[in-house]
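The values are calculated or read from the model by the stated rules, or taken from the named source; none is laboratory data. Computed from a predicted structure; not experimentally measured. Methodologically, a virtual Cβ is constructed for each residue, glycine included, from the backbone with ideal geometry; neighbour enumeration extends over all protein chains shown.
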Amino acid sequence: KKWVYSFGDGKAEGAASMRNLLGGKGANLAEMSNLGLPVPPGFTITTEVCTAFYANDRNYPAELEGQVSAALENVGKTVGAKFGDAANPLLVSVRSGARASMPGMMDTVLNLGLNDVTVEGLAKRSGDRRFAFDSYRRFIQMYSDVVLEVDHHNFEEILEYYKEEHERTLDTDLTAEDWLAVIERYKARVAEELGRPFPQDVNEQLWGAIGAVFGSWRNARAETYRRLHNIPESWGTAVNVQAMVFGNMGETSATGVAFTRNPSTGERAIYGEFLVNAQGEDVVAGIRTPQSLTKKARLESKDTKPSMEEAMPEVFGELTAVFERLEKHYRDMQDVEFTVQSGKLWMLQTRSGKRTAKAALKIAVEMVGEGLIDEKTAITRVDPAALDQLLHPTLDPNAPRDVIATGLPASPGAAAGEVVFSSDEAAAAKSDGRNVILVRIETSPEDIHGMHSAVAILTTRGGMTSHAAVVARGMGRPCVSGVGSIRIDYKAEQFTVMGVTIKKGDIITVDGSTGQVIKGEVPMLQPELSGDFATLMAWADSHRRMKVRTNAETPLDAATARKFGAEGIGLCRTEHMFFDETRIVAVRQMILADDSRGRREPLAKILPMQRDDFRQLFVIMKGLPVTIRLLDPPLHEFLPKTPEEIAQVSEATGIAADKLARRVQELHEFNPMLGHRGCRLGITYPEIYEMQARAIFEAAIEAARETGEAVIPEIMIPLVSMKGELDMLKEKIVGVAAAVEKEKGVSLVYQIGTMIELPRAALMAGQIAESAEFFSFGTNDLTQTTYGISRDDAANFMNDYMAKKLISQDPFVSLDTEGVGELVRIAAERGRATRPDIKLGICGEHGGDPASIAFCEEVGLNYVSCSPYRVPIARLAAAQAAL
Ligand code: PEP
Ligand code: MG
């Protein structure tokens, strides 16, 4: 079996289409080689080796060693060197490369193949002793850190100490002999830490690095990342071994990273950084401040050092030609790494670049304009969940702001929150429901969970391509990086800047679009939904089949949802209208009444208020469908609980406190979620539903008069489990309609339907559909009752289930398409068999989740309904599901 694929020198055994086998990096290195771009030769060990390795108790397939040696020899032939050769050594880099780019895994080892002997060869061949020994010490440092797990602090400490001892300030002040001395100390430290010497055998080095890559596939950080991004463990990673090219061979050498368009704004302009006389990781590590690629960017950032365009005009020209070639070929924005060795350009990596939602929209829309992609492709280029970034507020430009510092605008959007200094604290605060801003000197893959938990990230070191910046953009968190003026004191849990001290827990506002750090909270503005957003959404709308409605009960939510493109209301939870201060007294009187007669009087007081609520919704929705659900929660939710609360209510209502307390006792339920709620209330207290039905019908008449649009209300009964419940309640509602028609002299058009949110309802859907004109899947309750897991208590143990890999996703967030989904499927089928034109929708939280929306498309639902801010997400996800 073929386990190893070679590339480089204008040809390759692989191609971009072989991503699953070669990983992203390997597939693209092969593709670039096939395109004839300058790629240092190398080979990819396939993801199948990773899978075989774990299936086989961490043993490699037998043929692997031979295939690696043969491929390595070929690489040597191509560059005219030999691995481990004393006079002319081949050096390689070893990198991981999964199908999806995955921070948290072993990333890179450079300069592999150096030892006490080959370093002399390198020195002679390059004619630069200092360069050779600098490379060797970098290799020891990197290899020890990532492969041998000797922490890098050891080496930093040694180097700092050496520099002090010998009065050297910068790394560049160290001579070849200095590095040699440092190397001896490094080696001694490794031997001390490990109890064995640093490996001199180049093959041992190589297999150590390969093993470290495969081993890192299952380290804790990689597992966290996979869990957050739904990457299956079975994919495995590939390993790429590639001939080294050197960006640290003097002033005509350099290394850099670039995006072919601006990943923050989407603007069509090269965006990136480079460092002269440096090696790959120096740019990302933020040790030296990188220089701009283009002259324009240099002028904008007021950088004093020349840009690549100015310093190396010829290579820069070559580079831009490569960018254009790559964009035309991949038809997407690319994120590339390159190295210039003595004036010659080498491409080390290309991949489709991570970008903000704003950039994704702009790039997708502009590429359609440029003829690179079509509308359908453009629709698939934007992650629906990422739209969330655009729908949220930005800082009000007219509000006063107390700017205490400015850094790099690394990831756009603004947020305010309490300052915390550690990722663990950010995570803890999030589970307490607090908004926090994670403030760090710099971030590393260990901070992923903290960054995820924070509303924004602030770092004092690192550029636009630093870890914090890249990860924040990917996650859609606002981020300001490299705020050099801020001094963080982790011990004292505070930072200072220009005489201001901000302590842990203090509120700051961070604006990732301008780089500003502001003391206190700044008022925000609603987002702008025109331009590229509107264009892409219009394309999405023209390609989707399902309608998108919203869950809303307040005029504000309904109006917001309309603005976001909602095509009606899929769920109006009427109980929310019962809590209003002006009516809770009447609601309580109603609950406390002894009989139906006693309930009618307070209900009569509530009626006009409910009618007005509904009228407003109908007016805002102007003829679009509106589904109103009759009262759902158990009555005790509306009653006061503690003695203090009871005393307050008693005073306000004149109802004796002991009577109140007794009624609270009577209504107590052991398991209210499964208790006297939903249609069961309607069965026992029909006058409540009658009042609500009347309010709906009267409001429909008023709204139709007001807007001139016909209003066809959809009345929905919750928590039905048998057809009989629905029939009994339907009869009452029809009776109310007839009465209203007679009183007002109009004829009403309306529909009566039901939630499908209990397993029995799903199974009996065929019968229920004889009475129900529509179904709306209440997947919150359906998930709760199918799993038998309380939706209010699930958070306490679901994370543990995910950590233990029992489930990959919280089923209350993303629909369990296998189990709960099966019930949805059954209900849809049986409902349609009875009533072919039955209208089917979903109004549980899942209605705004892209993966669940794809399932709804598959089952053929007519619409999804979600909270207002998720309406655009649902519109796009529905279009993607339909393509
Ligand atoms: C549901 O159960 O999915 C639903 C939408 O209703 P609620 O969340 O109000 O119970
Ligand atoms: Mg429900």
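Numbers at a glance
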| read-out | value |
| --- | --- |
| Residues (within 16 Å of ligand 2 (Cβ to nearest atom) and in contact with a helix residue (DSSP H, G or I) (Cβ under 8 Å, 6 or more places away or on another chain)) located in the range 606-634 | Ile628, Arg629, Leu630, Leu631, Asp632, Pro633, Pro634 |
| Residue within the range 188-198 that is crowded, with 16+ Cβ neighbours inside 10 Å and either small (Gly, Ala, Ser) or touching an Asp or Glu at 6+ places or on another chain (Cβ under 6 Å) (or both) present | no |
| Identity of the residue in the range 80-114, of a type in the set (D, E, K, R), touching a residue at least 24 places away in the same chain (Cβ under 8 Å) and surrounded by fewer than 22 Cβ atoms within 10 Å (Cβ to Cβ), that ends up nearest to Glu204 (Cα to Cα) | Asp85 |
| Options Lys563, Lys547; residue that is under 25 Å from Gln616 (Cα atoms), in contact with a Leu (Cβ under 8 Å, 6 or more places away or on another chain) and not aromatic (Phe, Trp, Tyr) | Lys563 |
| Filtered residue count, the range 65-98, keeping only those that are in contact with a helix residue (DSSP H, G or I) (Cβ under 6 Å, 6 or more places away or on another chain) and under 19 Å from Ala212 (Cβ atoms) | 5 |
| Residues satisfying the stated conditions in the range 709-737, i.e. surrounded by fewer than 16 Cβ atoms within 10 Å (Cβ to Cβ) and modelled with pLDDT under 95 | Glu709, Ala710 |
| Check on Arg588, more than 16 Å from ligand 2 (Cβ to nearest atom) and of a type in the set (Lys, Arg) | yes |
| Any hit, the range 687-705, residues being surrounded by fewer than 20 Cβ atoms within 10 Å (Cβ to Cβ) and either hydroxyl-bearing (Ser, Thr, Tyr) or closer than 24 Å to Ala762 by Cα (or both) | no |
| Qualifying positions in the range 643-694 - among the basic types (Lys, Arg) and over 42 Å from the mean Cα position of the chain (by Cα) | Lys659, Arg662, Arg663, Arg694 |
| Matching helices (runs of 4 or more DSSP H) fully within the range 297-369 where at least 2 residues are more than 30 Å from Pro41 (Cα to Cα) | 357-369 |
| Criterion (within 16 Å of ligand 2 (Cβ to nearest atom) and of a type outside the set (S, T, N, Q)) met by exactly one of Glu528, Glu553 | Glu553 |
| Odd one out for Leu631, checked against (1) within 16 Å of ligand 1 (Cβ to nearest atom); (2) at positive phi | (2) |
| Filter result for the condition that a residue is among the small types (Gly, Ala, Ser) and modelled with pLDDT under 95, over Ala415, Ala364 | Ala415 |
| Residue in the range 211-231 that is in a strand (DSSP E or B), surrounded by 23 or more Cβ atoms within 10 Å (Cβ to Cβ) and either modelled with pLDDT of 90 or more or not assigned by TED's automatic domain parsing to the domain that holds Arg351 (or both) present | no |
| Test: residue in the range 730-753 that is within 19 Å of Gly675 (Cα to Cα), of a type outside the set (A, V, I, L, M, F, W, C) and within 15 Å of ligand 2 (Cβ to nearest atom) | no |
| Tally of residues being surrounded by 13 or more Cβ atoms within 10 Å (Cβ to Cβ), assigned to a loop (DSSP other than H, G, I, E, B) and modelled with pLDDT of 90 or more across the range 147-173 | 4 |
| Evaluation of Asn74 against (1) surrounded by fewer than 17 Cβ atoms within 10 Å (Cβ to Cβ); (2) in contact (Cβ under 8 Å) with a residue 12 or more places away in the chain; (3) in a loop (DSSP other than H, G, I, E, B) (one fails), failing number | (3) |
| Residue check, Val403 of a type outside the set (Lys, Arg) and assigned to a strand (DSSP E or B) | yes |
| Among the residues listed as Ala561, Ala566, Ala552, Ala540, the single one being under 22 Å from the mean Cα position of the chain (by Cα) and under 19 Å from Asn862 (Cα atoms) | Ala540 |
| Matching residues in the range 585-611 - criterion: being within 21 Å of Ile752 (Cα to Cα), surrounded by fewer than 20 Cβ atoms within 10 Å (Cβ to Cβ) and not aliphatic (A, V, I, L, M) | none |
| Members of the range 776-804 found to be of a type outside the set (Ser, Thr, Tyr) and within 13 Å of ligand 2 (Cβ to nearest atom), listed by number | Phe777, Gly778, Asn780, Asp781, Leu782, Gln784, Arg791, Asp792 |
| Restricting the range 748-764 to residues that are farther than 21 Å from Cys866 by Cβ and either in contact with a Ser or Thr (Cβ under 8 Å, 6 or more places away or on another chain) or modelled with pLDDT under 95 (or both), the residue that is nearest to ligand 1 (Cβ to nearest atom) | Leu758 |
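Condition check ((1) closer than 25 Å to Gly568 by Cα; (2) more than 15 Å from ligand 2 (Cβ to nearest atom); (3) free of Cβ contacts under 8 Å to residues at least 24 places away in the same chain; (4) small (Gly, Ala, Ser)) across all residues:
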| residue | (1), (2), (3), (4) |
| --- | --- |
| Leu806 | no, yes, yes, no |
| Phe812 | yes, no, no, no |
| Asp816 | no, yes, no, no |
| Arg825 | yes, yes, no, no |
| Ala828 | yes, yes, no, yes |
| Ala833 | no, yes, no, yes |
| Cys843 | yes, no, no, no |
| Gly848 | yes, yes, no, yes |
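A quick yes/no check of all residues on (1) outside the structural domain of Ser747 (by TED's automatic domain parsing); (2) within 16 Å of ligand 1 (Cβ to nearest atom); (3) in a helix (DSSP H, G or I):
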{"site": "Val664", "(1), (2), (3)": "yes, no, yes"}
{"site": "Arg677", "(1), (2), (3)": "no, yes, no"}
{"site": "Gly682", "(1), (2), (3)": "no, yes, yes"}
{"site": "Glu690", "(1), (2), (3)": "no, no, yes"}
{"site": "Ile696", "(1), (2), (3)": "no, no, yes"}
{"site": "Ala700", "(1), (2), (3)": "no, no, yes"}
{"site": "Arg705", "(1), (2), (3)": "no, no, yes"}
{"site": "Val711", "(1), (2), (3)": "no, no, no"}
